[in-house]
Amino acid sequence: MNMLIHAHSGLRWVVLLLLITATFKALMKWRSNAPFTEGDRKLNLFTMVSAHIQLLIGLALFTMSTKVNFSGEAMKDPVQRFFLAEHSVMMILAIVLITIGYVKSKKAIEEAKKFKVAFTYFLIALLVLLAGIPWPFRNLGAAWF
Ligand code: HEM
């Protein structure tokens, strides 16, 4: 359980780093009319895969964590409510957006469209992720790593 929390906490940085790089690269290449390469597709793919691994660990934690309780009292406690509702819903939404962005970008025919679609979905996903992470300054009992 402790190991899973550490893996989940550390993997956040991998997801964030990949997502920020993929978003920025998509914007730059879209703006400069650059060709969509295999490298671009792989970066988007790795971003999606890292998010999916995080989803699996998150779902496992959801069933085991002491911070997730289904009693009526849970919604009255800020930490319990955060992990039961806010964190899980926002993170799943962000992962769905990353997945749609990857698939739509891959399916688009025009090169510029591939970057535009990836950029748009990834940027929204990034904002949702940043808002839904239990950063230490939010006092939810979570750490930086
Ligand atoms: C990319 C998506 C996600 C990111 C970046 C993320 C990030 C984090 C971080 C940083 C923590 C705090 C770890 C610590 O205590 O240091 C955490 C905790 C937690 N996450 Fe996620 N998470 C994601 C997705 C999910 C999903 C989809 C679920 C469940 C549906 C989930 C369930 C949980 C639970 C239950 C905890 C509390 C674990 C505990 O301390 O007992 N997470 N998450």
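The values are calculated or read from the model by the stated rules, or taken from the named source; none is laboratory data. Please read all numbers here as calculations on a predicted model, not as lab measurements. Cβ atoms come from the backbone with ideal geometry, glycine included; neighbour counts cover every protein chain shown.
Values for this structure:
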quantity	calculated
Given (1) among the aliphatic types (A, V, I, L, M); (2) crowded, with 16+ Cβ neighbours inside 10 Å; (3) over 17 Å from VAL128 (Cβ atoms), number of the condition LEU19 does not satisfy	(3)
Any pair with Cβ under 8 angstrom, 6 or more apart, that starts in the range 21-42 at a residue that is without any contact (Cβ under 8 Å) to a residue 60 or more places away in the chain and ends at one that is not in a helix (DSSP H, G or I)	MET28/ALA34
Single residue of LYS42, LYS67, LYS25 found to be charged (D, E, K, R), part of a loop (DSSP other than H, G, I, E, B) and either surrounded by 13 or more Cβ atoms within 10 Å (Cβ to Cβ) or at pLDDT 95 or above (or both)	LYS67
Residues located in the range 42-51, provided they are within 9 Å of the ligand (Cβ to nearest atom) and not aliphatic (A, V, I, L, M)	SER50
Which numbered condition LEU4 fails, given (1) within 14 Å of the ligand (Cβ to nearest atom); (2) loosely packed, with under 15 Cβ neighbours inside 10 Å; (3) without any contact (Cβ under 8 Å) to a residue 24 or more places away in the chain; (4) hydrophobic (A, V, I, L, M, F, W, C)	(3)
Test: residue in the range 75-93 that is more than 14 Å from the ligand (Cβ to nearest atom) and free of Cβ contacts under 8 Å to residues at least 60 places away in the same chain	yes
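Listed here are the residues, each with its yes/no results for (1) more than 10 Å from the ligand (Cβ to nearest atom); (2) outside any helix (DSSP H, G or I); (3) surrounded by 19 or more Cβ atoms within 10 Å (Cβ to Cβ).
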{"position": "LYS104", "(1), (2), (3)": "yes, no, no"}
{"position": "ILE109", "(1), (2), (3)": "yes, yes, no"}
{"position": "LYS113", "(1), (2), (3)": "yes, no, no"}
{"position": "ALA118", "(1), (2), (3)": "yes, no, yes"}
{"position": "ALA125", "(1), (2), (3)": "no, no, yes"}
{"position": "LEU129", "(1), (2), (3)": "no, no, yes"}
{"position": "PHE137", "(1), (2), (3)": "yes, no, no"}
{"position": "LEU140", "(1), (2), (3)": "no, yes, no"}
{"position": "ALA143", "(1), (2), (3)": "no, yes, no"}
